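What follows draws every value from the coordinates through simple rules; no lab data is involved. Quick caveat, the model's predicted, so the values are computed rather than measured. Heads up, the Cβs are rebuilt from the backbone with ideal geometry, glycines too, and the neighbour counts pull from every protein chain shown.
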Ligand SMILES: [Zn+2]
């Protein structure tokens, strides 16, 4: 999308030369507060879509938004918006006047950490409060959104929050899904006080831009010693299930040369995955994370082996080429060992580039603020990939200690959290208070 141009007007000085009283912003304190909703004894957080901890957290956030001078509102899916109305609101609301939105997701994985998603939500609330207190009413409406769901941890459906907001999915697509307790999505949304009969409004589908601040969940920033990651693309991915079929036989009486050993064949294929991926080079990654063998008995040659395959890259042609190379290697190995080969594709997601204009603005802010940054792809999926087809979208990463995420040990130093916050504030100032 190239139709995104926001210039600072003569009246709005940009960049803000010094961000007054920034040190008084209680980012860590508010993250700690939010993590009490769904806290477990191991120091982790569990907030699953529409469960009790999730409901309490979303409502507490709504109250917090109100206290901080934002106008809170839920939509029918349970996404929560905190709005700081601009003084141009109401005038011929085209895309160029639609709100600039920041935020992330409120849900977690089971025993997750307190930064994933929550950081972007908390930083968005505090950024809008900060801008309002120091610079008054913006020209253009600014909004923070606490997306109801991203992880797919309760129901087998990820990005419900952003998919419902952008119109990519509707309730009819998910209402029959069941969680592990057998509760349907339709029941869960209703029990939480949302859904079409709840009286909450439908989402608007019109956004001027979406900017997501998020922890990296990887080790690149920490290892290379950078404070800010400017996301260039969100990787595309393909996932497969590969089945190798041989013949079960006696482990003592079947000579090595006469075997049709499905597991030995699969092992060679997995080795080929690694070498093909290494040869393709960064940023390609390929992973086999699961292997099963049948009959799964120590003194029987395996008749069948099934393994998973996950391939990711920022270019679709690289994913496709890598898969073709792997498939060729698998076929050759199967033929050499007289094995049968079957495969099934489970998932195919195309790579998503972030908006060039916003990305350039983030870079300019990092340079002005003298923050060390790199451009990098996101190897994990994020809500931003759902917003990108609908509005100009960008992502900002901050370092994760040891790259650990989806774990109670997830941690980002307050100093790093504040650097990301500083970038977000400058960016929202530029778009909200510029011409
Ligand atoms: Zn996340």
Across the range 236-349, how large is the tail of the calculated P(r) beyond 16 Å, expressed as a percent of all Cα pairs? 58 percent
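What does the helix-only formula give at 222 nm for the chain: each DSSP H stretch with n ≥ 4 adding -39500 (n - 2.57), the total divided by the residues, and the result rounded to the nearest 500 deg cm²/dmol? It would help to have the intermediate numbers written out before the result.
Working: 12 runs with 142 residues, N = 435.
My calculation for the chain gives -10000 deg cm²/dmol from helical runs alone.
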Among beta bridges that DSSP assigns inside the chain, antiparallel share in %, nearest 5: 70 percent
Return a whole-number percent for the relative contact order of the chain, with Cα pairs under 8 Å and 6 or more residues apart as the contact set. 24 percent
In square nanometres, what is one fourth of the surface area of the convex hull spanned by the alpha carbons of the range 130-185? 5.5 nm²
Between the alpha-carbon centers of the range 254-285 and the range 311-360, tell me the distance in whole angstrom. 16 Å
Per-selection metrics, the chain (Cα): Rg and Dmax in Å: 24.3, 87
Going highest first, how would you order 109-116, 237-244, 216-223, 282-289 by mean Cβ packing within 10 Å? 109-116, 237-244, 216-223, 282-289
Which order, highest average first, do 385-394, 34-43, 120-129, 413-422 follow once you tally other Cβ atoms within 10 Å for each residue and take the mean per peptide? 120-129, 385-394, 413-422, 34-43
Using alpha-carbon coordinates, inclination of helix 118-135 to the longest axis of the chain, degrees: 20 degrees
Helix 52-67: inclination vs the chain longest Cα principal axis, degrees, rounded to 10, gives 20 degrees
Cα centroid distance between the range 208-230 and the range 420-435, in Å? 17 Å
Cβ crowding within 10 Å averaged over residues, with 169-182, 44-57 ranked highest first: 44-57, 169-182
